[in-house]
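The values are calculated or read from the model by the stated rules, or taken from the named source; none is laboratory data. Since the structure is predicted, the reported quantities are computational estimates derived from the model, not experimental observations. As a convention, Cβ positions derive from the backbone with ideal geometry for all residues, glycine included, and neighbour counts pool all protein chains shown. Note: areas computed on protein heavy atoms with side chains; ligands, DNA, RNA excluded. Shrake-Rupley method; radii C 1.70, N 1.55, O 1.52, S 1.80 Å.
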Amino acid sequence: MREAPGGGRRWAALSLLATLALFAVILPATAPAKHHHKGKAKAAVRILTADQASLIRDGGLTLSVKSKSRGKLRIAASGDGGDGYFGTKKVRFRRKGKHRKTIHLALTSAGRSLLSACGRHTVDVAVRRGKKRLAAASAELAPDQSRCPKGQPAPETFRVGTAVEDITPTEPMYVGGYGDGFLVDGTGHGGQFVHDPLQVRAFAVARGNHIVVFESVDSQGWFAGYQSPNGGDGVDDARADAATRLQEKGFDASAANVVISSTHGHATPTIMGIWGHTEPAYLHEVKQAAVQAVSDAVDSLQPAELWAASGTIRGLLSQVQGTDQMTGYAVDLDTPVLWARRPGSGATIGVYANVPVHADQYDATEPGNNQFTADYPGYVRDRLAETLGGTSVVAMGTLGRQEGIGNTPDYSEVTEQGTFITNALDRALATARPVTDPTIAAGEQQFSTVAENEGLVLALMCNHGGLDPYCPEEPAENNGAGTWDWRDVGGIFTINRSVSPPYFDGTNLGTNATVARIGDQLYATVPGEAFPEVGSAIRRAYAAAPGIRDTHVIGMAGDQLGYYWDQRDGVYPDAQIAQSDFEKYNLGSHLAEDNVAASREAGDSIGLSSTAQSPFAELDNPNAFAEPTIQFYPNRVETTADTVSIYATAKVAQAPGSASTTIGSSAGTQGDGMIAFDYGDGTSDLRTNQTRFDHTFPGPGAYRVQASVTDNLGMTYRWVQWVVVDPSLSVAVDQAVSGENVVLTPRAVGGQRWNVLAAHWTFDDGRPDVDGTQLTLPEATGGSGTVTIVDGAGNTASGTWAVASG
């Protein structure tokens, strides 16, 4: 049975109280400490924390301190012989005689990183009055076998660099993804045809002469190779040129070490034809920016610890029947995050995240829009920069049949989706684990697949005419400049993908699959909009591979070959497929299995052990198409704000001939267009279908929010999503002396939990701002200012700080 949110926290709190009470009884026998005091000592200290598990769970050391005299004592601790791993405490005893106090010394970020590593750890505690040492104790903490059963090493130090290159259009262009022949020129916006910047972003991870660079490009898609006049401007060309630069900088690298993917934004210029003419100069600019971003990311490499996590976007990812979403079939919720932080300070260097949902909420062709935008990837990376710091790279995960639910096709809904995704990434980072395996490797496998879509094949064969007897002549006014309007013949613009080997041989399209390994994290590329079953098969293939903990999918990587629909009879129901545009943009039935096989070969090339797997349609609910569907998402799943914005959608059964024909908020209100909500806080109401609204909860707590509709058969269909309202967040600052320095560590009070993902420090004396979950200052110079923290749900709080004297 799944425990309700909140129940685990209450049990943890009770367990903590019981454990602390038990320590006082059993620890003298089970965790003896060495006490360094002679004769009639005026103070004594005993370490009550017995093991690594208790240390991490409690966020610090629990101590028993005894004093026979009045006055203020200063208690400090070190871990594994190093200072700065715990905060310090000043305790005042107001009466003479034997008096004992139980105190807590909080772990700093550096201490948490070090003392979370597997193995035995020694802690030392000292009690001082002024500069005089009155008492000391040391203890060896028993290792946490559940955390490190095999005695893994401490986090490895990698080198990480990031870069950003601008590819914002400087003139009107055709948009790719929505509408055929729509020129974005900023009409209605005073000629401002760009809402927010389009960019290439790179995230490089290196160790020694090994490197992998992940790159994300704000584009609907980018082909591996091109026809003239853009021969040499494909993804493969960019990767090859970037690999040359890596080699020149001393890395053992090939194109396999450079992973380039598109965000699949539907409000970006087309560089593939299909929806409009590709501007050759702009495509070349994109290619040059991609190569430069790799070079710049390498030039910015710096020491870093890597942390890995995986979140979920359940709620936003549609499971309601739609144009490109099939109800009842499995979805891919895996939202992996790779987090690079500076050793010691914990400051964020960069984030690489893969989000498995289309970036197509904003439709530039809708009245009043008419602008280019990076959609939610742009919004999310800006919010992460504001809260975490560093440079965030937001790329795609699985995309086929992975659409979001949303309200309107303008930027207001992009903001809500971006807020939800940012919240999901923050919550994932709260559970991040350090990457302790130093392995960096990448492999690539070329493969080909049968091109069954004759319309798409003709569109690329006819781009310059004469390659097929059915091709009309290329208009003379096009002058060989890339693509042209083929709608009178084929319903789309021509396609400028290469028609030369290895990209096309008249029957098969050629492309590639890459796997990149960072420690125990494996990333596999799919050159298009792979369905969830493709990622599932790849994960099964590496499920038993030694050293691999998690396998993730990078969508739209290395190429854009459209959907992965297997159109052979009996694989998918015709009625559901008929509602999609899969037939128009699908390449062929064998792409999925060919991709999975190539991914295995790429993995085998770098020494991974995989097993043969075939992708198959994974059906969770075979009756879903004949039933109503309902879903909602809050713009934040966890927050200190008591008001959240909610969007809900429900649809009647879609299967032809279904006995379920209408829905309503109850059995007696069929067709009322309303959804019944129970907010789990003692309140309920009815809300209009497919609208956005706000709900205010009464205060902190975990709320089981349920939306439901009932059909004409009296059957009720529900969607449940938990919303957690955190206690208000504030910040305290712990201080510890390390040599001639003082180490300041911010501590979250309230909020999501004791996690502090990021801290931003400002100084009253005008010194430059500093980021980091730990700040080290010369004790003699002191200092004061303001610190702003971000917790594991993206909540923020600010407070003043000052270096304590004496």
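At a probe radius of 1.4 angstrom, the accessible area of the chain per residue rounds to 38 square angstrom. Report the FRET efficiency, 1/(1 + (r/R0)^6), for ALA240 and GLU601, where r is their Cβ-Cβ distance and R0 is 22 Å, rounded to 0.05. E between ALA240 and GLU601, to the nearest 0.05, is 0.65.
Rolling a 1.4 Å probe over the protein chains gives LEU55 an accessible area of about 0 Å².
Between ARG487 and SER412, what length comes free when the chain is fully extended (0.36 nm per residue of separation minus the Cα-Cα distance, one decimal in nm)?
Values: separation 75, 0.36 × 75 = 27.00 nm, distance 3.27 nm.
Here the answer is 23.7 nm.
Applying the Karplus relation 6.51 cos²θ - 1.76 cosθ + 1.60 with θ = phi - 60° to segment 616-625 yields 3J(HN,Hα) values of 9, 5, 9, 9, 7, 9, x, 9, 4, 5 Hz, where x marks Gly and Pro.
Annotation: amide H-H contacts under 5 Å for GLN361 (H modelled 1.01 Å from N, sequence separation of 5 or more, or interchain): TYR376. The slack in the chain from THR696 to SER69, taken as 0.36 nm per residue of separation less the alpha-carbon distance, amounts to 220.4 nm.
Which of rounded, prolate or oblate describes segment 533-667 when judged by the alpha-carbon gyration tensor and an a/c cut-off of 1.5? Before the final figure, lay out the partial values.
Working: a/c = 2.43, a/b = 1.43, b/c = 1.69.
Since a/c reaches 1.5 but b/c is at least a/b, the shape of segment 533-667 is classed as oblate.
Figure legend: label point modelled 7 angstrom from the Cα of ASN621 along Cα→Cβ; residues of segment 299-313 with amide N under 20 Å from it are 313. In summary, the aspartates and glutamates within cross-link reach of LYS651, defined as a Cα separation below 14 angstrom excluding same-chain residues under 8 places away, comprise GLU627, ASP672, ASP711.
Working note: Karplus 6.51/-1.76/1.60 with θ = phi - 60° gives segment 737-750 the couplings 8, 10, x, 9, 10, 10, 9, 9, 10, x, 10, 6, 10, x Hz, where Gly and Pro are set to x. Secondary-structure-derived ellipticity at 222 nm for the chain, considering helices only, amounts to -5500 deg cm²/dmol, per-run term -39500 (n - 2.57) for DSSP H runs with n ≥ 4. In the context of the full protein assembly, ARG381 retains an accessible surface of approximately 10 Å², using a probe radius of 1.4 Å and ignoring ligands and nucleic acids. Cα centroid separation, segment 506-549 to segment 247-321: 17 Å. Amide H to amide H, with H built 1.01 Å from N, HIS121 comes under 5 Å of LEU141, counting only residues 5 or more places away or on other chains.
Going from most exposed to least, what order do THR611, THR335 have by accessible area with a 1.4 Å probe?
Numbers: THR611 65, THR335 0 Å².
So, going from the largest accessible area down, we get THR611, THR335.
Summarising the amide proton neighbourhood of LEU134: residues at separation of 5 or more, or on other chains, whose placed amide H is nearer than 5 Å comprise VAL127, ARG128, ARG129.
Calculate what fraction, in whole %, of the accessible area of segment 528-610 sits on carbon and sulfur atoms when a 1.4 Å probe is rolled over the protein chains. Carbon-and-sulfur percentage of accessible area, whole number: 45.
Would you list the membrane-span-like helices of the chain, meaning whole DSSP H runs whose alpha-carbon atoms span at least 30 Å along their axis and whose mean Kyte-Doolittle value is at least 1.0? Intermediate results must be reported in sequence, preceding the final value.
Details: long enough: 7-30 (33 Å, 1.28).
Helices meeting the span and hydropathy rule in the chain are 7-30.
As a calculated quantity, the FRET efficiency between LYS132 and ALA641 at R0 = 56 Å, using C-beta atoms, amounts to about 0.70. Couplings 3J(HN,Hα) of segment 177-182, computed from phi: x, 10, x, 9, x, 9 Hz, in residue order, whole Hz [Karplus 6.51 cos²θ - 1.76 cosθ + 1.60, θ = phi - 60°; x for Gly and Pro].
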